[in-house]
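Student: The structure's right below; bear with me while I get my questions together.
The values are calculated or read from the model by the stated rules, or taken from the named source; none is laboratory data. Remember, it's a predicted structure, so these values are computed and weren't measured experimentally. Heads up, the Cβs are rebuilt from the backbone with ideal geometry, glycines too, and the neighbour counts pull from every protein chain shown. Remember, those area values only see protein heavy atoms, side chains included, never the ligands or the DNA or RNA. Shrake-Rupley method; radii C 1.70, N 1.55, O 1.52, S 1.80 Å.
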Amino acid sequence: MNTYDIRGGAARAAYRLHCGLRAAGIESQMLVQSKSSDDPYVDGPRSRFETLLGVMRPQFDILPTYFYPRRGSGVYYPGLLPGNYVKRVRRMKPDIVHLHWVAGGFLNPSALTDFGAPVVWTLHDMWAFTGGCHYDNNCGRYIGTCGKCPELGSSRETDLSRLVWQQKRRKWAEVSLTVVTPSRWLAECARKSALFFDKRIEVIPNGLDITRFRAVDKQRARELLGLPTGKRLILFGTLNANMGHRKGSQELKEALQTFRKAQDHQNDCEVVIVGASRPISPPDFGLPVNYMGILNDDVTLALLASAVDVVVVPSLQENLSNTVMEALACGTPCVAFDIGGMPDLIEHRQNGYLARSFESLDLAHGMQWVLENKERWCALSKRAREKVEAEFDLRDVAERYRALYLNVLDRTGQGGHCPMLNVVS
């Protein structure tokens with residue numbers, strides 16, 4: 001179960017796993033609030049009214065936050081709307097219910113006790129163990145009982161975040177729950193949290209179809225995408241204001257300014273931005289910019305990852321970046337801060353560069369270090385591909401989940417009756 005099937009990073013990770021499970025012979029069905037794909041094994045809205053409701057539920061869910069006029073710009077979903085998918089899940093009679101990103105009005109915490117099947121929950125952010133925020137911006141209040149929430153701009157201990165936290169505590173205590181995190185960092189956060197400290201927590205990374213994400217001839221990729229062929233290209237994602245400052249927009253701008261000054265009189269570098277079209281008043285990055293718009297299909301994403309020379313992800317908090325994994329699979333070195341799940345992907349000076357946390361100067365140094373030496377770049381590129389082949393192959397990840405499902409069923413006394421696993425994910 002995921003709020004979307006292919007829209008957003010968590011959705012793409014969940015959908016890829018769904019495809020990987022089916023390829024491994026597991027009867028996986030995906031249940032979503034809003035469907036964009038034409039996959040017959042993705043069950044979404046069944047009427048125009050349900051489709052409209054799927055669009056509106058995220059807006060309805062955030063209505064309580066409007067009582068907090070000083071709230072921040074980060075993602076915050078209370079998850080208080082009553083759900084309407086429990087009956088559909090029960091009719092499917094699954095052996096396992098596998099949750100992913102279920103915020104945005106899709107799933108109320110009370111639903112977890114009503115599925116009639118063991119629950120596995122892969123976390124794609126911190127929402128499951130906070131009072132509503134998806135990343136805590138290092139406030140750390142989820143270790144206690146939330147309240148006085150910085151994201152809400154609240155000065156009260158008993159605020160919306162405390163009420164949401166209390167509801168989750170009641171419901172999580174009633175359900176047999178196996179938690180999976182794609183990164184070691186998120187596992188550590190979950191284990192420290194007051195809501196999940198006593199839950200079983202496993203680390204299984206997101207997987208990637210490495211037959212689809214592989215290196216394409218750089219010049220050919222640039223020609224197909226209309227990118228300049230005689231330049232060094234730096235790729236990063238859109239700096240979405242709705243993500244708050246978590247995506248590191250200020251740090252990236254500072255790093256690009258430093259990087260540009262270090263180039264002296266060279267003008268052979270350009271920026272590529274994916275996830276946004278050129279705005280009416282584009283920001284000045286000090287370098288020419290190529291806007292690629294929103295890309296959803298894996299073929300084009302792999303082409304773009306192959307076309308550029310380095311991918312920069314300046315996030316200040318991040319689980320396991322799809323962008324970095326896709327780039328590494330295509331042999332493109334990456335630069336990021338040494339935070340969150342980045343060390344799970346980037347081996348410092350082996351397949352990329354891990355800058356000191358929040359230091360834009362070191363981020364700029366990392367970009368320069370990756371690009372300045374062709375022989376070094378080739379070694380980084382080779383190791384990047386090897387890393388993904390060894391640790392993030394979707395086929396291996398699907399087998400790890402199969403083993404987990406069977407273990408969960410054995411522990412709940414249901415392991416003997418299902419020769420073919422039926423998973424709602």
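Student: Of (1) within 16 Å of the chain's Cα centre (by Cα); (2) in a helix (DSSP H, G or I); (3) touching a residue at least 40 places away in the same chain (Cβ under 8 Å), LEU303 satisfies all except one. Which?
Tutor: (1)
Student: Please name all residue pairs, on different chains or six or more residues apart, with Cβ atoms under 8 Å, provided the first residue is in the stretch 103-121 and is within 26 Å of SER183 (Cβ to Cβ) and modelled with pLDDT under 90 and the second residue is assigned to a loop (DSSP other than H, G, I, E, B) and open to solvent by less than 10 Å² (accessible area, probe 1.4 Å).
Tutor: PRO109/GLY79
Student: Exactly one condition in (1) at pLDDT 95 or above; (2) over 21 Å from the mean Cα position of the chain (by Cα) is not met by VAL97; state its number.
Tutor: Unmet for VAL97, out of (1) at pLDDT 95 or above; (2) over 21 Å from the mean Cα position of the chain (by Cα): (2).
Student: Under 7 Å between Cβ atoms, at least 6 apart or on separate chains: pull out the pairs that start in the stretch 225-237 with a residue that is free of Cβ contacts under 8 Å to residues at least 12 places away in the same chain and over 17 Å from TRP369 (Cβ atoms) and end on any residue that is open to solvent by less than 60 Å² (accessible area, probe 1.4 Å) and basic (Lys, Arg).
Tutor: The qualifying pairs are THR229/ARG222.
Student: Okay, moving on. Filter the stretch 153-178 for residues that are open to solvent by less than 20 Å² (accessible area, probe 1.4 Å) and more than 22 Å from CYS139 (Cα to Cα) and give the result.
Tutor: Within the stretch 153-178, TRP172, VAL175, LEU177, THR178 meet the criteria.
Student: Would it be correct to say that LEU406 is over 21 Å from ARG212 (Cα atoms), free of Cβ contacts under 8 Å to residues at least 60 places away in the same chain and touching a Leu at 6+ places or on another chain (Cβ under 8 Å)?
Tutor: yes
Student: Give all pairs with beta carbons closer than 8 Å in which a residue from the stretch 153-169 that is assigned by the TED database to the domain that holds LEU80 meets a residue that is surrounded by fewer than 15 Cβ atoms within 10 Å (Cβ to Cβ); count only pairs at least 6 apart in sequence or on separate chains.
Tutor: GLY153/PRO69; GLY153/ARG70; SER154/ARG70; LEU160/PHE67
Student: Please state which of the following conditions ALA221 fails to meet, knowing it meets all the rest: (1) farther than 29 Å from LEU80 by Cβ; (2) under 22 Å from the mean Cα position of the chain (by Cα); (3) hydrophobic (A, V, I, L, M, F, W, C).
Tutor: With (1) farther than 29 Å from LEU80 by Cβ; (2) under 22 Å from the mean Cα position of the chain (by Cα); (3) hydrophobic (A, V, I, L, M, F, W, C) applied to ALA221, the lone miss is (2).
Student: What helices (runs of 4 or more DSSP H), lying completely within the stretch 306-425, carry at least 2 residues that are open to solvent by 30 Å² or more (accessible area, probe 1.4 Å)?
Tutor: Fully inside the stretch 306-425 and qualifying: 360-371, 374-391, 394-411.
Student: Just checking, does the stretch 231-238 include any residue being part of a loop (DSSP other than H, G, I, E, B), β-branched (Val, Ile, Thr), surrounded by fewer than 16 Cβ atoms within 10 Å (Cβ to Cβ) and modelled with pLDDT under 90?
Tutor: no
Student: Quick check on this structure: which one of ASP338, ASP362, ASP344, ASP393 is in contact with a His (Cβ under 8 Å, 6 or more places away or on another chain), charged (D, E, K, R) and at pLDDT 95 or above?
Tutor: The match here is ASP338.
Student: Still on this structure, please answer the following. Can you find a residue that is surrounded by 13 or more Cβ atoms within 10 Å (Cβ to Cβ), at pLDDT below 90 and of a type in the set (Lys, Arg) anywhere in the stretch 259-277?
Tutor: Yes, there is a match, as at least one residue in the stretch 259-277 is surrounded by 13 or more Cβ atoms within 10 Å (Cβ to Cβ), at pLDDT below 90 and of a type in the set (Lys, Arg).
Student: Answer yes or no as to whether PRO150 is in the same structural domain as THR51 (by the TED database) and farther than 22 Å from ALA13 by Cα.
Tutor: Criteria met by PRO150.
Student: Let me ask another. Of these, PRO333, PRO288, PRO279, which one is closer than 18 Å to LYS247 by Cβ and not hydrophobic (A, V, I, L, M, F, W, C)?
Tutor: PRO279
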